[in-house]
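J.: Dropping the structure in here first, questions after.
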Amino acid sequence: MLLLKYLLLYVGISMFVIAAGILSYDAYLLIAWQRRRLDPDPESGALGPAPGLRWRTSVALVLLAWAPLLISAGIVIVPSGMAGVRVSQTKGTLAGTLYPGVHFVTPLVERVELFNTRDQLFTTGIGEDGLTNYRS
């Protein structure tokens, strides 16, 4: 499940990068076309129409990229030796403990706070010099 979470995160970020790459490439083609228009080269022939920016494709990719990012934000993994408590932005602390494993929460509304549940040993006693020795 951890692989799925990171795969969804990777896919979402990749879609943002691809959308930016499309716009960057189209801007490069437009700048190159404008340079050829200002400095005509008789050997290159006809200039052709100006290339356009593919805004619709880029915006569609950006809008689609939110889906895998939100799904990956909803997957929470509680490691062994820990417990989780769901905290809602609207309701506060929610009842129920999340034990180790995979859990799904509402993205952007709930978060999980993790707490250590391992046994911890605190010793107190008298040291060798006769003074009380407190350690934690």
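J.: Could you give me the residue pairs with C-beta distances under 8 Å whose first residue belongs to the stretch 97-109 and is without any contact (Cβ under 8 Å) to a residue 40 or more places away in the chain, whose second residue is part of a loop (DSSP other than H, G, I, E, B) and surrounded by 13 or more Cβ atoms within 10 Å (Cβ to Cβ) wherever it lies, and which are 6+ apart or on separate chains?
T.: Pairs that qualify, where the first residue is without any contact (Cβ under 8 Å) to a residue 40 or more places away in the chain and the partner is part of a loop (DSSP other than H, G, I, E, B) and surrounded by 13 or more Cβ atoms within 10 Å (Cβ to Cβ), are 104/74; 105/74; 106/74; 107/74.
J.: A further question follows. What are the residues in the stretch 26-83 that are surrounded by 12 or more Cβ atoms within 10 Å (Cβ to Cβ) and of a type in the set (Lys, Arg), if any?
T.: Result: 36, 54.
J.: Looking at residue 61 and the list (1) outside any helix (DSSP H, G or I); (2) closer than 27 Å to residue 3 by Cβ, which single condition is not satisfied?
T.: Condition not satisfied by residue 61: (1).
J.: Taking the conditions exactly as written (closer than 30 Å to residue 70 by Cβ, under 33 Å from the mean Cα position of the chain (by Cα) and loosely packed, with under 13 Cβ neighbours inside 10 Å), does residue 19 satisfy them or not?
T.: So residue 19 fails the test.
Rule-based calculations on the coordinates, nothing more; no lab input. Just so we're clear, the structure is a prediction, and the values are computed from it rather than from any experiment. Counting neighbours? That spans all protein chains shown, and the Cβs are built from the backbone with ideal geometry, glycine included.
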